[in-house]
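S.K.: There's a structure below that I have some questions on.
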Amino acid sequence: MKRIFRVTSTSLYLYFVAVVFTHAQPVALVIHDGAGNIEKQYFPDTIAQQYRQKLEEALLAGYDILQRGGTSMDAIHAAIVLMEDSPLFNAGKGAVFTHAGTNEMDAALMDGATLKAGAVAGVKHIKNPISAARAVMDHSPHVMLTGKGAEEFAQQRGILLVDSSYFYTEKSYRHWKKANMDGRREEGIYLGRNNQYKFGTVGAVALDIHGNIAAGTSTGGMTNKRYGRVGDSPIIGAGTYANNSTCGISATGHGEYFIRSVVAYDISALMEYKGLDIQSAADRVIKQKLKERGGEGGVIGLDKQGNVMFSFNTKGMFRAYIKEDQIPRVFIYE
Ligand code: ASP
């Protein structure tokens, strides 16, 4: 009798372990720092390595939060702040120059559980625009604040403002000078040889242990942009979107096309109304609809099961993800 009881309690224990493991809520984090015309033979390995390292660092910063039971919002925020602080990316430090020689940044994030969102656009002094976007979501009745008003609000919320010289990087400046001299319109950043260019926007999407999805995007926009131009990144439904019942999306590419195609929401809508899985929905929008309209770029995303999605119609996209196995996986080329 005693023996039977022991066997039964062991099996019960094993049963519970199995239940916990098979029903454990997946957690995942996926990030990007831009799509573009990037080919291995023209892109120096040393530069690629710098990008890989920073992406890994950002992944681990966000994943650490998820692993400790933190929220997807905290995870994407941490990953994006880290990328904004790096001069490698076109967001925060390293933002591209406008036609007027300034740096004007846009950022947004969205909470898939509540469908609350926050965004800032055209800000010139906020060190971490994504933090300001989060403050708009958490501490104002609004979704998007722009320019001076956004900066005043950020300052009131104790968010760090810096002198505009903080955003200067030699790379962005040189690129802007050249674009300006050649009289070129808005464009991505040129890197490597043979006109290798990329859109250097950064973004992150996470799924946490509570089953909540959050997405965020931060950018300096496009080099040589004029007249207070705002791209897709801070536009909810275009460059950024999250909804627990479908997916979270962050985009990078030629913003005007992404706005007109309402890219991020279109992917979510294809999942919601047509029952498409996240990869098919994204490929339909990026590789068909957007491409046919002449729009270049890509998206990253996650669904509520933690399925990771990348889709781009350019030659490459800097992207990375991490899941429960805790191995950061970084990709650049197709
Ligand atoms: N989508 C951004 C914009 O148009 C640019 C980028 O992805 O780098 O502002």
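The values are calculated or read from the model by the stated rules, or taken from the named source; none is laboratory data. These figures come from a predicted structure and were not determined experimentally. So basically every Cβ, Gly included, is an ideal-geometry build from the backbone, and we count neighbours across all protein chains shown. Calculation scope for accessible area: heavy atoms of the full protein, side chains included, ligands and nucleic acids excluded. Shrake-Rupley method; radii C 1.70, N 1.55, O 1.52, S 1.80 Å.
S.K.: Residues being free of Cβ contacts under 8 Å to residues at least 24 places away in the same chain, over 15 Å from the mean Cα position of the chain (by Cα) and buried (at least 22 other Cβ atoms within 10 Å of the Cβ): count how many of those fall in segment 56-113.
M.R.: 1
S.K.: Now, a different point. Report, by residue number, each residue of segment 198-210 that is of a type outside the set (Val, Ile, Thr) and near the ligand (Cβ under 10 Å from one of its atoms).
M.R.: 198, 199, 200, 203
S.K.: Inside segment 238-263, can you point out the residues that are in contact (Cβ under 8 Å) with a residue 40 or more places away in the chain and within 15 Å of the ligand (Cβ to nearest atom)?
M.R.: Within segment 238-263, 239, 240, 241, 249, 250, 251, 252, 253, 254, 257 qualify.
S.K.: Continuing with the same structure: Any residue that is away from the ligand (no atom under 16 Å from the Cβ), at pLDDT 95 or above and in contact with a helix residue (DSSP H, G or I) (Cβ under 7 Å, 6 or more places away or on another chain) - is there at least one of those in segment 230-237?
M.R.: No; the residues of segment 230-237 include none that is away from the ligand (no atom under 16 Å from the Cβ), at pLDDT 95 or above and in contact with a helix residue (DSSP H, G or I) (Cβ under 7 Å, 6 or more places away or on another chain).
S.K.: Residue 122 - would you say it is within 14 Å of the ligand (Cβ to nearest atom) and out of contact with any Phe, Trp or Tyr (no Cβ under 9 Å at 6 or more places or on another chain)?
M.R.: yes
S.K.: Then there is this: Are any of the residues in segment 211-219 under 15 Å from residue 300 (Cβ atoms), away from the ligand (no atom under 12 Å from the Cβ), in contact with an Asp or Glu (Cβ under 9 Å, 6 or more places away or on another chain) and among the β-branched types (Val, Ile, Thr)?
M.R.: Yes; the residues of segment 211-219 include at least one that is under 15 Å from residue 300 (Cβ atoms), away from the ligand (no atom under 12 Å from the Cβ), in contact with an Asp or Glu (Cβ under 9 Å, 6 or more places away or on another chain) and among the β-branched types (Val, Ile, Thr).
S.K.: In segment 185-210, what residues are open to solvent by 20 Å² or more (accessible area, probe 1.4 Å) and at pLDDT 70 or above?
M.R.: Answer for segment 185-210, where residues must be open to solvent by 20 Å² or more (accessible area, probe 1.4 Å) and at pLDDT 70 or above: 197, 209, 210.
S.K.: Still on this structure, please answer the following. Based on this model, can you work out whether residue 330 counts as under 17 Å from the mean Cα position of the chain (by Cα), surrounded by fewer than 20 Cβ atoms within 10 Å (Cβ to Cβ) and closer than 21 Å to residue 80 by Cβ?
M.R.: yes
S.K.: Among the residues that make up segment 145-165, is at least one of them in a loop (DSSP other than H, G, I, E, B), aromatic (Phe, Trp, Tyr) and at pLDDT 95 or above?
M.R.: For segment 145-165, residues in a loop (DSSP other than H, G, I, E, B), aromatic (Phe, Trp, Tyr) and at pLDDT 95 or above: absent.
S.K.: Across segment 160-179, what is the total count of residues that are surrounded by fewer than 21 Cβ atoms within 10 Å (Cβ to Cβ) and either among the aliphatic types (A, V, I, L, M) or within 27 Å of residue 72 (Cβ to Cβ) (or both)?
M.R.: Total meeting the criteria: 3.
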